[in-house]
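Engineer: Structure incoming, see below.
The values are calculated or read from the model by the stated rules, or taken from the named source; none is laboratory data. These numbers were taken from a predicted model, which means no experiment stands behind them. Glycine gets a Cβ as well: all are built from the backbone with ideal geometry, and neighbour counts include every protein chain shown. SASA here: full protein model, heavy atoms, side chains in, ligands and nucleic acids out. Shrake-Rupley method; radii C 1.70, N 1.55, O 1.52, S 1.80 Å.
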Amino acid sequence: MIFLMDLQMMLLDVIYFILRNSVRAVLRPRTKPIDSELVLITGSGGGLGRLFAQEFTKHGAVVVLWDVNSSANEQTAKLVREMGGKAYTYTVDVTNREDVYRNADLVRKDLGRDVTMLVNNAGVVAGQRMLDCPDELMERTMKVNCHALFWTVKAFLPQMKAQNHGHIITIASVLGLFSTACVEDYCASKFAAVGFHESLAHELLAEEVEGVKTTLVCPYIVDTGMFEGCKIREEVELLLPPLDPQYCVEQAMNAILIDQPLVCIPRLTYLPVISRALLPWESNVVTYRFMGSDKCMYPFIDTKRKQVSNAAIAVA
């Protein structure tokens, strides 16, 4: 009897959340204020990290900028300050857990307060076929894109839980939800990032830590140069072009400000996620071939190879 009652309540909850999120897709819910938040962004020296710093500043938040490249990071801080915002820079190697923990303590000491929003944005890709790629580059991809999440969350989550207030944002990728050829290191790291984030979200819900929110951001290829040369079928690319970085960050911010648990950018990329779960493997393969997604990374890898060759010639 208890089982049947629980089953009935579960089904009613499922229907309620489906209806609620359907309404949210049309009528945007109220956004939360973040003008009193201290936001730490990893990989803030350029690309999406720099844009996130500017977007959070627009909403009145104070930003803490972590990047391994100190000069690029200072440039981001300069842009934030020109907007009238407050930015604090730290040169941090997020793959080094001791460096992460030491700088986390330094942030608390310097600012006299705890980080309340953590944006795990740092990311890299080797850009070589697995059998041609040095082991060190593949390890670096896993360390930056996956292992670093453990160290940053361990550094800042305890204070968020103690205060029952915080927000953890993971910038993953649609390649953490479905994969393509020749970027095994990147896909593996992003699948791991998605798994890490979802497990963490479930843990917070199971412990009823209602004040600490999570948002998983899974964008399509973003036109930052990270995947320069990546190309799908021309006709399909008209519907699914590389994302403008500013648009990507604005869509992510829209999700963050309403505590949305997951956002795929653009919405069209929800379809491959569904097809991967529901259709036979072979059906997805022929779809990939039709779209040109099966070999989309070939020109990207060629571009990276040429860049490495040109750099070697320049040094010589």
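Engineer: Collect the residues in the range 60-81 that are of a type outside the set (A, V, I, L, M, F, W, C) and within 20 Å of the chain's Cα centre (by Cα), keeping them in residue-number order.
Structural biologist: So the first thing to find is which residues in the range 60-81 are of a type outside the set (A, V, I, L, M, F, W, C), and the list is 60, 67, 69-71, 73-76, 78, 81.
Matches in the range 60-81: 67, 69, 73, 76.
Engineer: Follow-up. Are any of the residues in the range 118-141 under 20 Å from residue 52 (Cβ atoms), surrounded by fewer than 21 Cβ atoms within 10 Å (Cβ to Cβ) and among the β-branched types (Val, Ile, Thr)?
Structural biologist: First pass over the range 118-141, keeping only residues under 20 Å from residue 52 (Cβ atoms): 118-125.
Filter once more, so that each one left must be surrounded by fewer than 21 Cβ atoms within 10 Å (Cβ to Cβ): 124.
After this cut, where a residue has to be among the β-branched types (Val, Ile, Thr) as well, the list is 124.
Yes: one or more hits.
Engineer: Let me confirm something: among 203, 208, which residue is modelled with pLDDT of 95 or more, under 20 Å from residue 17 (Cβ atoms), assigned to a helix (DSSP H, G or I) and open to solvent by 60 Å² or more (accessible area, probe 1.4 Å)? If you could, list the steps in order and put the result at the bottom.
Structural biologist: Values: 208 fails: assigned to a helix (DSSP H, G or I).
Testing whether each residue is modelled with pLDDT of 95 or more, under 20 Å from residue 17 (Cβ atoms), assigned to a helix (DSSP H, G or I) and open to solvent by 60 Å² or more (accessible area, probe 1.4 Å) leaves just 203.
Engineer: Another question, then. State the number of residues belonging to the range 155-164 that are touching a residue at least 12 places away in the same chain (Cβ under 8 Å), surrounded by fewer than 18 Cβ atoms within 10 Å (Cβ to Cβ) and part of a helix (DSSP H, G or I).
Structural biologist: Quick first cut of the range 155-164, residues touching a residue at least 12 places away in the same chain (Cβ under 8 Å) only: 155-157, 159-161, 163-164.
Still in the list and also surrounded by fewer than 18 Cβ atoms within 10 Å (Cβ to Cβ): 159, 161, 163-164.
Going one step further and asking which of them are part of a helix (DSSP H, G or I), we end up with 159, 161, 163.
Qualifying residue count, the range 155-164: 3.
Engineer: With a cut-off of at least 3 residues that are touching a strand residue (DSSP E or B) at 6+ places or on another chain (Cβ under 6 Å) and surrounded by 24 or more Cβ atoms within 10 Å (Cβ to Cβ), name the strands (runs of 3 or more DSSP E) lying wholly within the range 27-96.
Structural biologist: On the way: elements: 38-42, 62-67, 87-91.
Strands (runs of 3 or more DSSP E) meeting the threshold: 38-42, 62-67.
Engineer: Can you find even one residue in the range 179-189 that is part of a helix (DSSP H, G or I) and touching a Cys at 6+ places or on another chain (Cβ under 6 Å)?
Structural biologist: yes
Engineer: Restricting attention to the range 177-197, does a residue exist that is open to solvent by 10 Å² or more (accessible area, probe 1.4 Å) and in contact with a Pro (Cβ under 9 Å, 6 or more places away or on another chain)?
Structural biologist: For the range 177-197, residues open to solvent by 10 Å² or more (accessible area, probe 1.4 Å) and in contact with a Pro (Cβ under 9 Å, 6 or more places away or on another chain): present.
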